[in-house]
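Structure, as structure tokens:
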Amino acid sequence: MVVQSACAMKHLFSYWDSIADKIKNAKHVILLLDYDGTLTPIVERPESAYLSSQVRDCLQELVSFHSLTLGFISGRPLNDLQAKVGVTDALYAGNHGLEIEGPNTSFVNPEAAEAIPLLHTLGQNISLAIAGIKGAWIEDKRLTLSLHYRLVDEAQYNRLNDIFNESIREPLAYDRIIVTSNKKTYDIRPSVNWDKGKAIEYINKTLFPKNKPLILVVGDDKTDYDAFRVVNTTGGISIFVGNASIKAPASYFLQSTNEVHQFLLRFQSTLNCQ
Ligand SMILES: [Mg+2]
């Protein structure tokens, strides 16, 4: 017999009727979507992750609902995220929420902005240090860095880890950076008290100082967990994309990006019935 823990994630579509009621009854809804692994499948190189025109059209139609604020929240830099998604008049939060832009909002975390020169130099140093490892590369996203190693031969992983750990040893020891590991990527962020969850709190407070909107957030990796935790405390709906056996702090899960696309269609129909 399989015993499920009380906090196990539930499949979103199995509870759709009650969720649709919640959406219909909300005065205002915020829907925040991650990009890679959520709207598009994970690919070998991030520049190859394209959104289908069908999904983009659906998202663009969602923007026209006055009862909805649509946003995208990703580890990608803001300009890259905006270009990849290509939906106008939406809210965009890049670099894990360190930079936010949209109708009536423009924000860059000031402490992170101060760390740009440090990150740039660190990015150059890591880039030089890993030059001999085929398939490893550093993406300088100004406010953060990513070391991508999806294309590295597994036999090289230990060597890569040793070189990487040596490169970040000093800024890590002086608490200048935070390093997280995610799906064949190391994310390096400035050591500031900010994440996707904090970005959601900022959006909520700035755009909706008086009313309490219903917040839905959809994401697939560990950086989304901060967002899930904040949304859970607001009585919102947190949705993990991936295998239900993963212990993500979300209330619901969807198995794949295809299911996320189905969810968007259901969500749109629900708003139409409001
Ligand atoms: Mg993702």
Exercise. Taking N as the number of residues in the range 216-274, what value does Rg over Cα atoms divided by 2.2 N^0.38 Å take?
Worked result: 1.14
Exercise. If you take the beta carbon distance between Cys273 and Lys205 as r and set R0 to 22 Å, what does 1/(1 + (r/R0)^6) give as a FRET efficiency, to the nearest 0.05?
Worked result: 0.15
Problem set entry | Charge context of Glu139, other residues only, Cβ under 15 angstrom, K/R +1, D/E -1 | +3
Seminar exercise, completed: From DSSP H assignment alone, runs of 4+ in the chain each adding -39500 (n - 2.57), the sum over residues rounded to the nearest 500 puts [θ] at 222 nm at -12000 deg cm²/dmol
Problem set entry | Three principal axis lengths of the chain [C-alpha, angstrom, descending] | 57, 51, 36
Seminar exercise, completed: the chain, Gaussian network, Cα under 10 Å: of Asp34, Asp89, Asp187, the residue fluctuating most is Asp89
Seminar exercise, completed: So for R0 = 35 Å, FRET eff. of Gln262-Ala8 from the Cβ-Cβ r, to 0.05, ends up at 0.95
Problem set entry | Loop sites in the range 100-175: trypsin sites (Lys or Arg not before Pro), DSSP, at most 15 other Cβ within 10 Å | Lys134, Arg150
Exercise. How far apart, in nm, are two points set 7 Å out from the Cα along the Cα-to-Cβ line at Tyr157 and at Ser52?
Worked result: 3.2 nm
Seminar exercise, completed: So, over other residues within a Cβ distance under 9 Å of Asp195, counting Lys, Arg +1 and Asp, Glu -1, the net charge is +2
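Remind me, relative contact order of the chain in percent, using alpha carbon pairs under 8 angstrom and six or more residues apart? List each step's numbers first, then the result.
Working: 457 pairs, mean separation 61.6, N = 274.
After rounding, I find 22 percent.
Looking at the square roots a ≥ b ≥ c of the eigenvalues of the Cα gyration tensor of the range 112-190, which shape do they give, rounded for a/c under 1.5, prolate if a/b is larger than b/c, or oblate?
On the way: a/c = 1.83, a/b = 1.69, b/c = 1.08.
Judged from the Cα gyration tensor, the range 112-190 comes out prolate (a/c at least 1.5, a/b above b/c).
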Exercise. Out of Trp137, Trp16, Trp194, any idea which swings most in a Gaussian network model of the chain, alpha carbons joined below 10 Å?
Worked result: Trp16
For this session: Take the chain, connect every pair of alpha-carbon atoms lying under 10 Å apart with a spring to form a Gaussian network, then pick out the residue of Gly219, Gly132, Gly242 with the largest mean-square fluctuation.
Result: Gly132
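Between Lys27 and Ile246, what is the FRET efficiency for a Förster distance of 41 Å, r being their Cβ-Cβ separation, to the nearest 0.05? Write out the running numbers ahead of the final one.
Working: r = 33 Å, r/R0 = 0.81.
Result of the calculation: an efficiency of 0.80.
Quick note: the coordinates plus some simple rules give every number you see, no bench work behind them. The model shown is predicted, which means the values in this text are computed figures rather than measured ones. Neighbour counts run over all protein chains shown; Cβ positions are idealised from the backbone, glycine included.
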